[in-house]
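> Quick one: the structure is below, questions incoming.
The values are calculated or read from the model by the stated rules, or taken from the named source; none is laboratory data. All values reported here derive from a predicted model rather than from experimental measurement. In this analysis, Cβ positions are derived from the backbone assuming ideal geometry, glycine residues included, and neighbour counts consider all displayed protein chains. Ligands, DNA and RNA are stripped out before the accessible areas are found, and what is left, the full protein with its side chains, is counted by its heavy atoms. Shrake-Rupley method; radii C 1.70, N 1.55, O 1.52, S 1.80 Å.
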Amino acid sequence: MSNAKKTLRSQGWFGKQDRDGFMHRSWVKNQGYPDDLFDGRPVIGICNTWSELTPCNGHFRELAEFVKRGVYEAGGFPLEFPVMSLGETQLRPTAMLFRNLASMDVEESIRGNPIDGVVLLMGCDKTTPSLLMGAASCDLPTIGLSGGPMLNGKFRGKDVGSGTGVWMMSEMVRGGQMSMEEFVASESCMHRSKGSCMTMGTASTMASMVEALGMSLPENAAIPAVDSRRNRLAQLTGRRIVEMVKEDLTMSKILTREAFENAIRINAAIGGSTNAVIHLLALAGRIGVPLTLDDWDRLGREMDCLVNLQPSGQYLMEDFYYAGGLPAVIREMSGVLHANTISANGKSIVENSAAAPCYNREVIRPRQEPFKPDAGIAVVKGNLAPDGAVIKPSAATPELMVHTGRAVVFEDIDDYHARIDDPELDVDEHCVLVLKNCGPRGYPGMAEVGNMQLPPKVLQKGITDMVRISDARMSGTAYGTVVLHTSPEAAIGGPLALVQNGDLIELDVPRRRLHLHVSDAELARRREQWVAPEQPSRGWYHLYVKHVQQAHLGADLDFLVGSSGAAVPRESH
């Protein structure tokens, strides 16, 4: 057996004994790196989404230092680089508009630089899928490290969850059950440490998906951001990526069809965000794995929710970690998961979790006694959503899962904001709120506005939920009987564009049906009169709207589907 040292990709830069090699080495040395770091050892890129405008990722400078420790310990050479960071709470009109742009930043930064393996530092909602998507298009050895959730929010003796508590308390203010002074007082109480949302929102869901897919070390999903064990995991991640380079353990070897099927089932068990649907579809498209909206329904349809976390339940991510975290859930599900997958540490997620303990059965239920039965993401179809729409049963009102009501229509988000609080609005709790032109092209960017606030006249009756339908998304921290991602969207002339006030809409989740009770002839007449909304004419908005796919395909840009690998044969000088 040969003991010859493998020539790594980075040696195409640093190993050249010519003018170009001189330039590649010499300019990096201006940071004080010694000669022996260029001797052929693995160069590890640390892709960092740190930004003070992305509060959930605000501690990533420190986290990166622990990753570097691990890389050095394992004999690698770490080089940190920044990419576009997407702060869900700050970025307008929506961070989702820039997910694909950030993925392009990641892809080209990895491909164009002397990197053999990559550590992805991600946390806030869209930084996770954008980094995974961009890295998948290069397909180098890659490992994910999430930033971890905040500590539990505490307000007047009770736990409050980020996002979920905002939606709940803001409705209480609008319904007259809470004062504005009390609402404002809860701000600092809700977010009291570094980290991402501590509910099972999209950030925690996607951190769980990273672990479920096998793209991280075990325990990645739930260790709180400020817990020293998060730094320990970062250091171990740095060590492991060096070994992954030596093993040539690339993303395509981890992200198999079986890995995606495991993740879909696990998303049901944790009561995960509907946003995971659109992100995993896009990621599968990048890595070349066939995955459809129907797969989400088929694989998650009969899966039970085992995790009692907000917004579907009571507890928060800190409690989830102390109860055993995602490994405990995977152990409960071992009988329905593929055990032949491989994860970043070289073992399957089932093998990694075979002895995982559970310390709190109120938080993580056994499969024999689930928290909520049949709670996987449901895909509904019909003449209102020919290509499908999604709903999260675990966060919905059971009594509304079969419902027919009169449509109250808002043509776009501006129309909604202008009229929802009008006491003269013709609406009651039996109606169906319909919001148009908030999909990938319509907003643009498919904003998290699908969980529409209810009219005050309904809230004042003590009603807290209504059926709501849109082509938008909603925050993973949100809840309610909310039908989302209706495809095709209204902005391209999907049936949603043709709904009018007073139309009857039927939702039947058990039968997976979403039907508009309007004749085909009438819909054809309305279509003739429909006028497409004006589209952006310049910049990223223009490129995005021109090329973005519909929600049921993952809302990636059409020209980014697939991958180009990591080869760049031409020199820069």
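> By the gyration tensor of its Cα atoms, with a ≥ b ≥ c the square roots of the eigenvalues, what is the shape of segment 388-458: rounded for a/c under 1.5, prolate for a/b over b/c, or oblate?
It is oblate, given that a/c is not under 1.5 and a/b is not larger than b/c.
> A further question on this structure: Using the Kirkwood radius over Cα pairs, work out the Stokes-Einstein diffusion coefficient for segment 121-176 at 25 °C and 0.890 mPa s, in µm²/s as a whole number.
For the chosen part, D equals 172 µm²/s.
> Give the long-range amide H neighbours of V43: residues separated by 5 or more places, or on another chain, with amide H under 5 Å away, using H modelled in the peptide plane at 1.01 Å from N.
Amide H neighbours of V43, under 5 Å, 5+ apart: S10, F77, D116, G117.
> Continuing with the same structure: Tell me, what % of the accessible area of the chain is carbon and sulfur with a 1.4 angstrom probe?
C and S fraction of accessible area: 51 percent.
> OK, next. Could you give the spread of the C-alpha atoms of segment 122-279 along their three principal axes, from largest to smallest, in whole angstroms?
60, 31, 24
> Given a 1.4 Å probe and the protein chains all in place, what does the accessible area of Y416 round to, in Å² to the nearest 10?
Number for this one is 10 Å².
> Same structure again: 222 nm [θ] for the chain, helices only, -39500 (n - 2.57) per DSSP H run of 4+, per residue, to 500?
Counting only the DSSP helices, I get -9500 deg cm²/dmol.
> Set the bar at 29 Å for Cα to Cα. Now go through K6/K29; K126/K347; K347/K381 and name every pair that lies beyond it.
Distance filter (> 29 Å) returns K347/K381.
> Over segment 33-183, what lengths in whole Å, largest first, do the semi-axes of the equivalent ellipsoid take, defined as the square roots of 5 times the eigenvalues of the alpha-carbon gyration tensor?
Ellipsoid half-lengths, sorted descending, are 38, 17, 10 Å.
> While we're looking at this one, here's another question. Would you pull out the residues with amide H under 5 Å of V483's amide H, same chain only if 5 or more places away, H placed 1.01 Å from N?
Placed amide hydrogens put R468, I469, S470 under 5 Å from V483.
> Using just the Cα positions, wrap segment 281-433 in a convex hull and report its mean projected area in square nanometres, one decimal place.
The directionally averaged projection comes out at 12.8 nm².
> Calculate the FRET efficiency for V531 and D421 from the Cβ-Cβ distance with a Förster distance of 25 Å, rounded to the nearest 0.05.
0.35
> Ranking request for peptides 259-266, 152-159: highest mean number of other beta-carbon atoms within 10 Å first, then the rest in descending order.
Descending mean neighbour count gives 259-266, 152-159.
> Mind checking which lysines have their C-alpha under 27 Å from K457, skipping anything on the same chain fewer than 8 residues away?
Counting by Cα, and skipping residues close in sequence, K457 has these lysines nearby: K392, K436.
> While we're on this one: Over the chain, consider all pairs of different Cα atoms and compute the Kirkwood hydrodynamic radius from their mean reciprocal separation; express it in Å, one decimal.
Over the chain, the inverse of the mean reciprocal pair distance is 24.3 Å.
> Another question, then. Heavy-atom accessible area per residue, the chain, 1.4 Å probe: how many Å²?
Ligands and nucleic acids excluded, the figure is 38 Å² per residue.
> Using amide H atoms built 1.01 Å from N in the peptide plane, name the residues 5+ places from D304, or on other chains, whose amide H lies under 5 Å from its own.
Close amide H contacts, sequence-distant or interchain: D374, A375.
> Contact order normalised by length for the chain, with contacts defined as Cα pairs under 8 Å and 6 or more residues apart; what percent is it?
Averaging sequence separation for qualifying contacts and normalising by length gives 14 percent for the chain.
> Using only the alpha carbons of segment 416-573, determine the length spanned along each of the three principal axes and report them from longest to shortest in whole angstroms.
70, 39, 35
> If you don't mind, there's one more thing I want to ask. By its C-alpha gyration tensor, with a ≥ b ≥ c as the square roots of the eigenvalues, how is segment 2-53 shaped: rounded for a/c under 1.5, else prolate for a/b larger than b/c, else oblate?
oblate
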